[in-house]
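I have placed the structure first, in the form of structure tokens, so that the comments after it can refer back to it.
The values are calculated or read from the model by the stated rules, or taken from the named source; none is laboratory data. Since we're looking at a predicted model, the values are computed, not measured. Please note: Cβ atoms are built from the backbone with ideal geometry, for glycine as well, and neighbour counts cover all protein chains shown. Note: areas computed on protein heavy atoms with side chains; ligands, DNA, RNA excluded. Shrake-Rupley method; radii C 1.70, N 1.55, O 1.52, S 1.80 Å.
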Amino acid sequence: MSASARASMWRDLIRKPFFWGIVAIVALLALNVLKDPTYLAISINPNNGNLVGNLIDILRQAAPIMMIAIGMSLVIATGGIDLSVGSLMAVAGAVSMEFLAAANDSGSVGVALAAVGLALLVTAILGAVNGILVAYVGLQPFIATLVLMLAGRGIAKVITGGQNTAASSDPFRWIANGFVIGIPVVFLLAVVIVLVVAWVVRRSALGLMIEAIGINPKASRMAGIKPKGLLLTTYVLSGILAGIAGVMSVGSVMTVDISRTGYQLELDAILAVVIGGASLAGGKFSLSGAFVGALLIATLDKTVLFLGVSSSATPAFKAIVIVAICLLQSERVRSWFQRRKKAQTPSPRVEIMKEAAA
């Protein structure tokens, strides 16, 4: 490969928004390594043969964020937003824990699958409520999903009677805490779901139709696309993915905390989508970018804890990192730095004139 081809490939890579997300992940890991040189070490647990280490913890923590980020990507691509995903996680956790607590044989695989299915059914219905309010009633997505964001935790409290419900089920716990070939099941499950969604939206016309709705709903309708049905589908899918994230979250501790499960994770999902290069105006999304964004959010959260950043300073620390990444992603900012660099670098002709004058 010639030097010009490598330079062109490098320039194309830099223009991809998720590239800077990867750079940020590497930088955060390097910062942690400076504090503890063994931070990236991965060992094998002699008791069960599973991999253990900080990187494994990051992968496990990133899985729920990936789920809601993928759903949020599709919703944002239509020009909308879903603020209810965190509350839907709490609802999914409440439904599954209550079902398992009331089941006679909570340790069976069938009961665990039934708990998961019931949780996803409920969140799908609530996602459909969002879709109906946006597509058929005509409410603004921000307002429609804000209503369910506030009401969702109330629904979860009604389901659990206002208490934090705990249950016992080894098959259900395995979803969040199990391992396959040493890798966390929850992360493998998240990767499979991301690949399936990506294959469906990119190998069919679904992705193009979603982007078309986000760019111009009227023009897409004139082109034969039915935006109402697609809007409903995206919000239902967002609800289902939020339900999966809720199952992953409560499965690790087998307890649903109504006030904490999924708390403010809708903000992390939006950040992951933006870091991945999606446009909040709609019409553009990147599932691979959202995947990288979710990994970055999980790495950032782990770094905050590892460095001992106080809880009061944590939002400011995260904001600084996110703003820096967004600035690096900006073509205008990079062009500004390039112009300044060229302005400060004297041209060869000027150097020759200076040498001749001397």
Checklist entry - How much area per residue is accessible in the chain when the probe is 1.4 Å and only protein heavy atoms are counted (Å²)? => result 50
Item to check | Label-to-label distance, nm, for residues given as LEU121 and ALA219 (7 Å Cα→Cβ offset) | outcome: 4.3
Next on the checklist: Once ligands and nucleic acids are excluded and a 1.4 Å probe is used, how much of LYS218 is accessible, expressed in Å² to the nearest 10?
Outcome noted: 140
Next on the checklist: Could you give the length gained by full extension between LEU55 and LEU208, i.e. 0.36 nm per residue of separation minus their alpha carbon distance, to one decimal place?
Outcome noted: 51.6 nm
Checklist outcome for this item: Reviewing [x] 51, 20, 16; [y] 46, 24, 16; [z] 40, 28, 18, the figure for semi-axes √(5λ) of the Cα gyration tensor in Å actually calculated from this model sits under [z]
Next on the checklist: Given a Förster distance of 22 Å, report the FRET efficiency between ASP36 and ALA166 from their Cβ-Cβ distance, rounded to the nearest 0.05.
Outcome noted: 0.05
Checklist entry - So, in nm, how far is label VAL158 from label LEU327 when the simple model puts each one 7 Å beyond its Cα toward the Cβ? => result 4.7
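Pairs on different chains or at least eight residues apart, Cα atoms closer than 15 Å: how many lysine pairs in the chain fit?
5
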Item to check | Long-range amide H partners of PHE179 with built H, under 5 Å | outcome: VAL185
Checklist outcome for this item: The rounded separation in angstrom of the Cα centers of the range 40-69 and the range 198-254 is 29
Item to check | Nitroxide proxy distance, nm - points 7 Å out along Cα→Cβ at ILE181 and VAL109 | outcome: 2.0
Checklist outcome for this item: For ARG202, the accessible surface traced by a 1.4 Å probe with all protein chains present amounts, in square angstrom to the nearest 10, to 120
Item to check | Estimated dipole of the chain in Debye, rounded to 20 [Cβ of Lys and Arg +1, of Asp and Glu -1, Cα centre] | outcome: 1520
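In percent, what relative contact order does the range 76-225 have, based on Cα pairs under 8 Å that are 6 or more apart in sequence?
34
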Checklist entry - Per the 1.4 Å probe, what fraction of the accessible area of the chain, in percent, lies on carbon and sulfur atoms? => result 67
